[in-house]
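Notes follow the structure.
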Amino acid sequence: MKHSRNALFFAVGLALALFIVACGSSTTTGSGSSGRYGASGGSTSTPSSASAMTLKTATLTVGGKALTVLTNAQGMTLYYRTSDTPTSVCSGGCASVWPPVLSTSMPSVSTALPGTFSLMNDANGSQVAYNGHPLYTYSGDSAPGQANGQGFANIWFVAPTTLPASTTTPAGSTTPTPSGYRYP
């Protein structure tokens, strides 16, 4: 009986550690339907990578309010992580749950937006950022219009078109500071 209990505690601890590593850890870079958190809308996501990427927008209900958010060309909701810094982004095991939006060239957009896209050279490669925030999809979204990652671990949020500019310039950013936004 005691051996079974120890094995159970070990298994639960291991599962918790893997969850924390995959969903909330920061990794230092080498160079430079209805979600449980109140989001609803309208295949498991994989890293988005293309040389001529197009990003779009969609209106979702998030926290009881209609919000215009960024999506990839397939309509999958894009997210940002509040704990990202210029030297630390979601990569490795974390990126298997939160695939980074990658592109070898500046993405085009289907509509005029108040913010600016850039490319960051980080641990994931050439990652797309909006107003200085690296963008991701969520493996828990299986269809366009879902926002199941909204509020996850209190650090993952849908990327609205009104996302304020990052307070720091991402390392390796390939776009100059946009007019009207100030980076220290």
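The values are calculated or read from the model by the stated rules, or taken from the named source; none is laboratory data. In this text, all values refer to a predicted model and were calculated from it rather than measured experimentally. Reconstructed Cβ throughout: ideal geometry from the backbone, glycine too, with neighbour counts over all protein chains shown. Heavy atoms of the whole protein, side chains included, go into the accessibility calculation; ligands, DNA and RNA do not. Shrake-Rupley method; radii C 1.70, N 1.55, O 1.52, S 1.80 Å.
Here are the numbers for the structure shown:
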| quantity | calculated |
| --- | --- |
| The range 58-117, accessible surface, carbon-and-sulfur percent (1.4 angstrom probe) | 58 percent |
| Integer Hz, Karplus 6.51/-1.76/1.60 couplings in order for the range 140-146, x for Gly and Pro | x, 8, 10, 8, x, x, 8 |
| Other-chain or far-sequence residues with amide H under 5 Å of SER88's (modelled H) | THR29 |
| Local electrostatic count at LEU70 - Lys and Arg +1, Asp and Glu -1, tallied over other residues with Cβ under 15 Å | +1 |
| For VAL158, net neighbour charge (Lys/Arg +1, Asp/Glu -1) across residues whose Cβ lies under 13 Å away | +1 |
| Nearest-10 value in Å² for the accessible area of SER105, using the 1.4 Å probe | 40 Å² |
| Charge context of TYR130, other residues only, Cβ under 13 angstrom, K/R +1, D/E -1 | +1 |
